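Only one structure is covered here, and it is reproduced in the block below.
The values are calculated or read from the model by the stated rules, or taken from the named source; none is laboratory data. These numbers were taken from a predicted model, which means no experiment stands behind them. Quick reminder, even Gly has a Cβ in these numbers, built from the backbone with ideal geometry, and neighbours come from all protein chains shown. Areas reflect the complete protein model, heavy atoms only, side chains present, ligands, DNA and RNA absent. Shrake-Rupley method; radii C 1.70, N 1.55, O 1.52, S 1.80 Å.
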Amino acid sequence: MQLPDIPPSTFAPPIPLDHARSGAETDPWRLTRSGHDGSRAAQHGSLFALCNGHLGVRGGLEEVPDAGQASFLAEVWESTPIDYHERMPGLARHTNTRVPVADGTRIKLRLGDEVVDLRDGQSLDAEQTLDLRAGCLHRRLRWRSRDGATLEIDAERIVPWNETALLCIRYRVRSVDYDGPVTLDSALTIDGIAARPGDDPRVGASVDGGMMATHCQADDAQASIGQETRFSHIRLACAQRHRLTDHRLAFAVASTHADGVNQCYVAALQPGESVTLEKYVAYAWSKPDETVTHASLLATSARALDRALARSFDEHLAAQAACCADFWRDVDLHIDGDPQSEQTLRLNLFHLRQSVARDRPSSPAAKGLTGEGYGGHHFWDSEVFMLPALVNLDPQLARNILAWRVHTLDNARAHAREMNHARGALYPWRTIAGDECSAYFPAGSAQYHINADIAYALKLYIDATGDHTLLLEGGAEMLFETARLWLEVGRYSPRRNDAFCIFQVTGPDEYTVLVDN
């Protein structure tokens, strides 16, 4: 099969990582970095992100208040009006931007009254590993404070593929030679704001509004935060609970503040002793303008935490590994003599799997759920670059991408009318909710090829799977509507020997705008 040319901006070469040991062989199943290079924290946050199509959690460290650390929900976004010097018919009125939600990764560590700052002491041995076979992020650290106290930190993190929006963390601190009190301050933080636009075109547009905190509560049993977007009116509840796995650790105090909520646990450690805290964070959210109370959303997240705490952390790990095994059973690959390329391809497949939800119509954004790049928008890349891989590797995920386009067919019909087309549907170049979000018509609505990309993907899916039920569930209607638009856009041209021509459109290179055919 002839593969399409890939624009240079679509994929980047793998970022070399620091290996744990000099000369160590690359493990094709494990992506590992050593040390804590703050200058590359943003890259590492994306590479080590964990997602499940609903929830995305960047790969920052629990103890470090990293400005790039954030969590995202695929269906939580803000709507911002687009300002034009002159408003013209057919131009997009609003843009949607995915915004960070309450983040549950933070666990502040204190020895006595001193907050442990990993940047202030001496890192004796540090390693962070994304285990592609287990779907788990694991890190270990041996660290010495300025006062000479030596600790070992071991943390495991998963975002289960078999749950809707759950984060599970197991955090263990062992004293090597420290004798004294230790505090684990577990928080939900809401200090993340949407990235501001700069010279990088991949960074989202300016966001008016954003997330507002509507509720903060914390006690010895549970801490929670309510949030709401100002203009899209999406409501969110985030709650956390903990399991204490040893008698040394005890609840101390809970608090609320401007940046979130905290639950603190204390213990006394002697050399050789350790404490372990299990943390579970669950999310629930509404649709835009849906009449759902914060109390009902909080009840939904509380039920998710009930289910989570009914299983041990090891059971969650085993369930996640089983989900990954199901995926790799059909997807796995091997390259003789080139473990680094094998690791790189597996990492790409892993992130591709993470970006699409299995239980609902879902389309992956350009950066998946790993960050704020491209404002969290979906592009035609989903059908042309991602779906052709998924249709052979995990057909249900490919089906969900097309089902999402069926779900937004009415938006595409409305957009065609905005463009003065009497019939048919015109799908947007970039979107979250189904409406065109590009303020620049020549590189937005003028990209009529989006319709062809979706029709191509539909045919590819049916040819590969033999599943014609999608046609009966809206796929055929979508195909007809995109075909009708071509008769609106094009015409038979006597000047071109009566060939059917499409004039003044922008092609899939996205840069040569408003050309013929």
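Residues considered: 397, 409. Of these, the only one that is surrounded by fewer than 21 Cβ atoms within 10 Å (Cβ to Cβ) and within 19 Å of residue 459 (Cβ to Cβ) is 409.
Residues in the range 128-176 that are in a strand (DSSP E or B), open to solvent by 30 Å² or more (accessible area, probe 1.4 Å) and farther than 20 Å from residue 370 by Cα: 140, 142, 144, 152, 154, 170, 172, 174.
The residues of the range 180-219 include none that are modelled with pLDDT of 75 or more, among the polar types (S, T, N, Q) and in a loop (DSSP other than H, G, I, E, B). Scanning the range 367-396 for residues that are within 23 Å of residue 131 (Cα to Cα) and in contact (Cβ under 8 Å) with a residue 60 or more places away in the chain yields 367, 368, 369, 370, 371, 393, 394.
For the range 216-255, how many residues meet the condition of being among the aromatic types (Phe, Trp, Tyr) and over 23 Å from the mean Cα position of the chain (by Cα)?
Here the count works out to 1.
Selection within the range 30-59: residues that are more than 30 Å from residue 236 (Cβ to Cβ) and surrounded by 19 or more Cβ atoms within 10 Å (Cβ to Cβ). The member of this set that is modelled with the lowest pLDDT is 36. For the range 497-512, the criterion of being in a helix (DSSP H, G or I) and of a type outside the set (S, T, N, Q) is met by none of the residues. Restricting the range 329-359 to residues that are of a type in the set (D, E, K, R), out of contact with any helix residue (DSSP H, G or I) (no Cβ under 7 Å at 6 or more places or on another chain) and assigned to a loop (DSSP other than H, G, I, E, B) leaves a set whose member that is least open to solvent (accessible area, probe 1.4 Å) is 338. Of the candidates 457, 483, 425, the single residue that is outside any helix (DSSP H, G or I) and at pLDDT 95 or above is 425.
None of 363, 438 is touching a Ser or Thr at 6+ places or on another chain (Cβ under 9 Å), at pLDDT below 95, closer than 17 Å to residue 455 by Cα and in a loop (DSSP other than H, G, I, E, B) except 363.
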